[in-house]
Amino acid sequence: MGKTEIMAPAGDWASFNAAIQGGADSIYFGVEQLNMRARATNNFTLEDLPKLAELAGLHGVKTYLTLNTILYDHDLPLMRRVIDEVKKSGITAIIAADQAAISYASSQGVEVHISTQVNISNIEMVRFYAHFADVVVLARELSLRQMKHIADTIQKEQIKGPKGELIQIEVFAHGALCMAVSGKCYLSLHAYNSSANRGACRQNCRHGYKVESTEDGTTLEIDNEYIMSPKDLCTLNFLDELLATGVTVLKLEGRGRSPEYVKTVTKCYKEAAQAVSDGTYSEERVKEWMSQLDSVYNRGFWDGYYLGRKLGEWSSVYGSAATRQKIFVGKVLHYYPKAGVAHVRIKTKSIKVGDQLLIIGDTTGVVEHTVDSIYVDDVPAGGATQGQECTITVGERVREGDNLYVWEVRVQESGQGARTQMPQSAGSQAQDEGAQTSQTSGDQSAVAKSTESPQRASSHFSQTSGIA
C-alpha cells in the first residue's frame, strides 16, 4: 500500500496553520465567491495566494484551490483571473467542477482535480476526465466495492492523467454530508433565493420540521431526529477497508469549522492511515481516535454509504454533539519565548490551575495546554477572574492577540454519543447499487414545514444567472 495523502480543509489562516500542525499532506481552501463554501467561511483573497503557497511549501504541504461552483458567463472573467493567479503563485492545483474552469486551467498548464460536484460514479467518467485531470473525487454515494472496481480498472488499463501518471482516486473520509446526491441541493435556493450550488447554502436541511396534513390541518412534530440532516461521515473505524480499495487521497470536510476541529481531525486520520500502513491499526486505537473526534464539532457519526447502506442516519441534535465545547475567556497580551510564559488578560469568566486551555490565532494555529501554574501580579494564584491579568506557562509559542478559551464538558443527551465499535466487514455489507434510493412515497397528502421560519431574500448567490 502506497502513501496515503491526508487533505485537510481551511477556511481561514488559523485553520490553515492548524492543518499543518495536524500533519496534513495537502490543504484545500477557497478564494472570492466561486467556491462551495463562499458563504460559510471567511475565505482567502487572491492576494493571499503567494503567502499560502510559501507557508505550505515550508512544510512540504500541497495547496489546492477550490473553484467548484456553477459558473455563468459573467463569472468567466473572474474564473480566468483566479486560475491565472493560481499559476503565478505556485498553488499546486485547482479543484473544479464546471467544464469552463477545467478547460481553461488545462490550457494554462494548471493541474486540475475533479470535484465531487461532478458526481463521478463509474469508470467511463474517469476515462473522460483523465483527459483533463490527474485526481478525481468519487461520489460519496458509492460503496467500497464500487470504489475498488474503479481503482482496479485504472491499474489494469493504465488510465493516466495529463502528467502521465495513473489517475489518483480521492474520497471524502470525514465530515458533513448533504442529503442531496453529491451536494446538488435546491432547498436553500427555494427557501432563501440563496443557492447551495453557488456556494451559499443556508442549511435549512438542518432545521427541525413539522408535518401538516393538507386534508384537515393536523400537525405532527417530528421528534428525536432532524430528518433531512445526516450525521457526519466518519470512516476512521473502517479505514483499513477503505484504503484497501485503492483510494490514495482522504479528504476531510470542514472549511466552515473551527481550527481545533481541523487540527484534531487531521491528526487522527494521519495517525490512523499510518497505523494501517505499518500494521498497528486496531480496535483499541480506533477507540482512542474516536474519543478525540467526539470532542470537536460533530453531528454524531455514521459510515455514510460506503458500506452499502441505502438510507441515511439522521442527526438527533441541532448543532454539535461534541463531548466538549470551548468557552472564550480572554486574550494573549504578550509571549516571552525564553521563559515559555504567556501574559494574558481574562476578559470574561475565569481560569484556574488544572483547566484545559485552547489558544487560537491566525499565525499560532491551535495550541492546547493544561494550566499548571498561574501568577497574578507576580504572586502565585489558584486562578484569575474577569478583568485580571496573569501569566501562565505555555510550552508552544503563542502571540499577541490570540484568543484564549477554556474547554468545558458538554452535557450530552441520551443517544448522542458517537459509535466507536469496529463495523462488520464491508465485504458482508457492501451492495453493488451503493447509491441512495428514493425516499419519496406516493402519498402526497402531507407537507413539511420548518420549525424555523425562512425569509426569502435576494442574493448575488442566487441560482439565476442574471444576478451578478
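Things to note:
- Around Lys156: net Lys/Arg minus Asp/Glu count, Cβ-Cβ under 15 Å: 0
- Lysines with Cα under 23 Å of Lys349, excluding same-chain neighbours fewer than 8 positions away: Lys326, Lys331
- Cβ crowding within 10 Å averaged over residues, with 55-64, 259-268 ranked highest first: 259-268, 55-64
- Couplings 3J(HN,Hα) for the range 281-286, derived from phi with the Karplus relation 6.51 cos²θ - 1.76 cosθ + 1.60 (θ = phi - 60°), are 5, 8, 4, 5, 5, 4 Hz, where x marks Gly and Pro.
- Three-way shape label, the range 324-409, alpha-carbon gyration tensor, a/c 1.5: rounded
- Using the average count of surrounding beta-carbon atoms within 10 Å as a protection proxy, the listed peptides 323-331, 8-16, 346-354 rank, highest first, as 8-16, 323-331, 346-354.
- Restraint check, Lys88/Lys263; Lys88/Lys338; Lys3/Lys287; Lys231/Lys352, Cα-Cα greater than 32 Å: Lys88/Lys338; Lys231/Lys352
Every number here is computed from the coordinates shown, using simple stated rules; none is lab data. Everything numeric here is computed off the predicted structure, so don't read it as measured data. With ideal geometry, Cβ positions are generated from the backbone for all residues, glycine too; neighbour counts draw on all protein chains shown.
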